[in-house]
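Quick notes on the structure that follows.
None of the figures in this text is laboratory data; all of them are computed from the coordinates on show. Bear in mind the structure is a predicted one, so any value in this text is a computation, not a measurement. Here the Cβ positions follow ideal geometry from the backbone for every residue, glycine too, while neighbour counts run over all protein chains shown.
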Amino acid sequence: MTDIAGSPQSAAAPQAAHGVTGFFRSRSQMAKRTEAEQPDWLSPIATTTGRLKDEFRFDVWRPVSNSDQPNYTFGGGKGLEFIVAPRVQLLIGVPSFQEYPHNEPHDGFGDMPVMLKFRVASAPRKNGDYLFTLLLKATVPTGSDVTGMHAAVLTPGIAVGKGWKQFDVQSTVGSTFPTGDTAKIGRQFLWDTTLQYRAGRKLWPELEVNSTHFLTGRYEGETQAFLTPGLGFGRAHLWGPLSFSAAVGFQIAATQFHTYNHQLMLSIRFPF
């Protein structure tokens, strides 16, 4: 009689578990090597960084001087970011939830964001402290009738950065391309730049310039720009591979035309 405990079928389960564990260990080691080959700057509050990283991020925005805007936006188009190959990172975002003051029918979830990053070139601080990354962001029309855009939007772009000792500059440019309902959604040219300084071990004061030029749509020909002073904190080790960082900023309109003004931004991140 064959001993069931010694059968090939019973031996397959531990082997499969070992294979899964080995896969995740190998991916984690690859991700750590990838992160070590680039600058160690903290992600800005609004400007998309060209760094590749393993991280979960959740933002909260609150305009404080325009009742036409949501009272709160939870999520901020962020979510789970993880490195899938030595030069590639994928973002699977959390659809933002928008809460309007005294107008509950307008509350609802926005569209789901996803982003692919391909890092073309980079070097850590001791070897040049720079990066150049290609970006492709998309929003999937999963939002409610009120808050969703009802068509996918593609946003290709590039992210560049250069550091000098404790100081760094990060910049992102891109343009939106709706796949439908272009007359309503419109197209925009986006340009964000961050000046960042590493003060001590974990504080990162910064100043961002966030600008949007409306190419088509409701605000065709208009340009709005914001100055966003901010302060980042991190990275603080929590447990195992898990760390914590955060940033807070305040957007102030710097152009006569603007669709909102005085927005408080809070960002919570958990690198792993």
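Using a Förster distance of 45 Å, how high is the FRET efficiency between Ala199 and His150, based on the Cβ-Cβ distance and rounded to 0.05? Taking R0 as 45 Å, the efficiency between Ala199 and His150 is 0.50.
For the chain, modelled as a GNM whose springs connect Cα atoms under 10 angstrom apart, the maximal fluctuation among Ser171, Ser122, Ser243 occurs at Ser243.
On the principal axes of its alpha carbon atoms, region 96-192 extends 53, 30, 18 Å, with the longest extent given first. Charge tally around Leu207: other residues with Cβ under 15 Å, Lys/Arg +1 each, Asp/Glu -1 each, net -3. When the chain is treated as a GNM with alpha-carbon contacts under 10 Å, the residue of Arg235, Arg51, Arg33 showing the greatest mean-square fluctuation is Arg33.
At R0 = 41 Å, how high is the FRET efficiency between Asp181 and Leu231 if r is their beta carbon distance? Nearest 0.05 is fine. Here the calculated transfer efficiency is 0.60.
The stretch between Ile252 and Phe272, if pulled fully straight at 0.36 nm per residue, gains 4.0 nm over its current Cα-Cα span. Spin-label model, Ala85/Phe132: points 7 Å from Cα along the beta carbon direction are separated by 1.9 nm. Restricting the calculation to alpha carbons of region 114-160 gives Rg and Dmax of 15.8, 50 angstrom. Residues within the reach of a label modelled at Val173 (point 7 angstrom out along Cα to beta-carbon, backbone nitrogen below 19 Å), restricted to region 213-227, are 213-216, 221-226. A crude spin-label estimate for the pair Leu242 and Arg62, with each label 7 Å from Cα along the Cβ direction, gives 2.6 nm.
Calculated from the alpha-carbon coordinates, region 155-229 shows an Rg and a Dmax of 15.6, 49 Å respectively. Determine, from the Cβ-Cβ distance of Phe118 and Val20 and an R0 of 30 Å, the FRET efficiency 1/(1 + (r/R0)^6), rounded to the nearest 0.05. Once rounded, the FRET efficiency stands at 0.65. Among the GluC sites (Glu not before Pro) in region 136-243, those located in a DSSP loop and surrounded by at most 13 other Cβ atoms within 10 Å of their own Cβ are Glu220.
Here's the list of lysines a cross-link from Lys126 could span, going by alpha-carbon distance under 21 Å and ignoring same-chain residues fewer than 8 apart: Lys32, Lys53, Lys162, Lys165, Lys202. A Gaussian network model of the chain, with springs between Cα atoms under 10 Å, assigns the largest mean-square fluctuation among Arg119, Arg27, Arg201 to Arg201.
Translational diffusion coefficient, Stokes-Einstein: compute it for region 22-125 using the Kirkwood radius over C-alpha pairs as Rh, at 10 °C and 1.306 mPa s, and state it as an integer in µm² s⁻¹. Using the Kirkwood radius from Cα pairs, D works out to 102 µm²/s. In the chain the Cα-Cα distances spread across 10 Å bins starting at 0 as 7, 25, 35, 19, 8, 4, 2, 1, 0 percent of all pairs.
Taking each residue as 0.36 nm, the span from Ser28 to Thr216 lengthens on full extension beyond its C-alpha to C-alpha distance by 63.4 nm.
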